There are 2 protein chains.
Amino acid sequence: MTKIGNLPDTVQKKLPPRSVERLSKYRRLLSRLDQSSGRFIFSHELARLLNLTPVQVRRDLMLIGLAGSRRKGYDIRALIDLIGNTIDKKEGHNVAIVGLGNLGRAIAAFLRKSKSRLNILAAFDVDSGKINREIAGVACYDNQRIPEIVGKLNISIAILTVPPDVAPDIAALLTRSGIKGILNFTSVPLDIPDSVYLKDYDIITSLEEIGFFINN
Amino acid sequence: MTKIGNLPDTVQKKLPPRSVERLSKYRRLLSRLDQSSGRFIFSHELARLLNLTPVQVRRDLMLIGLAGSRRKGYDIRALIDLIGNTIDKKEGHNVAIVGLGNLGRAIAAFLRKSKSRLNILAAFDVDSGKINREIAGVACYDNQRIPEIVGKLNISIAILTVPPDVAPDIAALLTRSGIKGILNFTSVPLDIPDSVYLKDYDIITSLEEIGFFINN
């Protein structure tokens, strides 16, 4: 494996969203494999395990400055580390879950079990039975305290699982409070500034998409 | 609004996944608007509400055979119906949730509340406390009965929310049982035949992607 060299920041900034998504997937898969020193993996193996083409995998790894050895492939441990150096912030990201209904609680529990550099520091809700308690291992605060807590705990990412009718207002409040990214489970299109990175997880839309393709 | 005419099946089959996803989003948004006769919407309004470009919206609607009137835009009711005719199967799709943990239950409850042509007919789990009971309004069966129940109830889509270690085996069992599409929440890459339409909902990967872009 040859390291092409430290890429200037400007190159890293230009990584396309799809590449970042795949790099994250590579790492999650690699982290389940044996990472002892001297363990290697070929791009075609990685590709097969993730239903991608080897060319795609090699192109993504080139983007972060790696070329595999034709004979041995990529050193698994080094690959995990380099992906981390590229896509992770050193201290991790602080995350809040906004809306502790069934879905919010399930996601909180899931994330607390998972190994990642995501720190679930707070949850928000309007239910007085949840406020000021620990739910699914996460401290729950009143929605009204979003600006205060987001600032104090330096929370940068919000997972939005509130009811649809309040989603636009809560998203606006999160934006004003300095949130930088939102994972939106509410199925409501959010009108937020481009400076906030938005990703939509719209379960029904996805099921309808699956439905369309299996019809044809 | 001018209907370009019934498109031959071969054209509909060629709709790209992203267009289907957007058409589904258009419909969900439109369904919240006033649909009285004579209510129209412009492509630029639809675009703004969904953070898309008007050109993109017009192109998607052209794909399903619609051209808007420059003066009035698109008839909302007719647009909803035409999208439905294009992407829905008449009798809807039968869906099963496989894995009734926190996430599975939350999704079951969410889908039962939502208006869509998705019929949640069954859930599967290995927990004897859940099997043969109704959980979140859905009949829960033993995982071992997947082939029998999928066939009997004509279930075509599975939502996979099982623990990661069993995900590959369960996905293989679903495939052998005749499932046509899988929405995979397990974060495990699934090696299933191309004939099964797979969509991955990997929450951690998505949060890491958001994290990368807000760093830069």
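The values are calculated or read from the model by the stated rules, or taken from the named source; none is laboratory data. Keep in mind that what you see is a predicted model, and the values were worked out from it rather than measured. Cβ coordinates were reconstructed from backbone atoms using ideal geometry, including for glycine residues, and neighbour counts include every protein chain displayed. What goes into the accessible areas is simple: the full protein's heavy atoms, side chains included, and nothing from ligands, DNA or RNA. Shrake-Rupley method; radii C 1.70, N 1.55, O 1.52, S 1.80 Å.
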Inset, instruction - Return one number: the angle in degrees, 0 to 90 and rounded to the nearest 10, between the long axis of the Cα atoms of helix A:76-87 and the longest principal axis of the Cα atoms of chain A. - result: 50
Inset, instruction - Using a cut-off of 13 Å between beta-carbons, work out the net charge of the residues near residue A:138 (Lys and Arg +1, Asp and Glu -1, residue A:138 not included). - result: +3
Inset, instruction - Using a 1.4 Å probe over the heavy atoms of the protein chains, calculate the carbon and sulfur portion of the accessible area of chain A as a whole percent. - result: 49
Legend entry - Cβ-based charge dipole, region A:23-142, positive-most Cα from A:128, A:107, A:50: A:50
Legend entry - Other protein chain Cβ atoms within 10 Å, averaged over every residue that makes up B:110-122: 3
Inset, instruction - List the residues whose amide H sits under 5 Å from the amide H of residue A:139, counting only those 5 or more places along or on another chain, with H placed 1.01 Å from N in the peptide plane. - result: A:123
Legend entry - Sum of side-chain charges, residue B:186 neighbourhood, beta-carbon under 10 Å (Lys, Arg +1; Asp, Glu -1): -3
Legend entry - Counting DSSP beta bridges with both ends in chain B, the antiparallel % (nearest 5): 25
Legend entry - Theoretical FRET efficiency, 1/(1+(r/R0)^6), r = Cβ-Cβ of residue A:45 and residue B:37, R0 51 Å, to 0.05: 0.30
Legend entry - Crossing angle, helix A:54-63 versus chain A [Cα axis fit, 0-90 degrees, rounded to tens]: 80
Legend entry - Beta bridges by DSSP in region A:93-205, antiparallel share as percent, to the nearest 5: 10
Legend entry - Cut-off under 5 Å, modelled amide H: who pairs with residue A:197 long-range: A:181, A:182
Inset, instruction - Go through region B:96-104 residue by residue and turn each phi into a ³J(HN,Hα) via Karplus (6.51, -1.76, 1.60, θ = phi - 60°); whole Hz please, and just put x for glycine and proline. - result: 10, 9, 10, x, 9, x, 4, 5, x
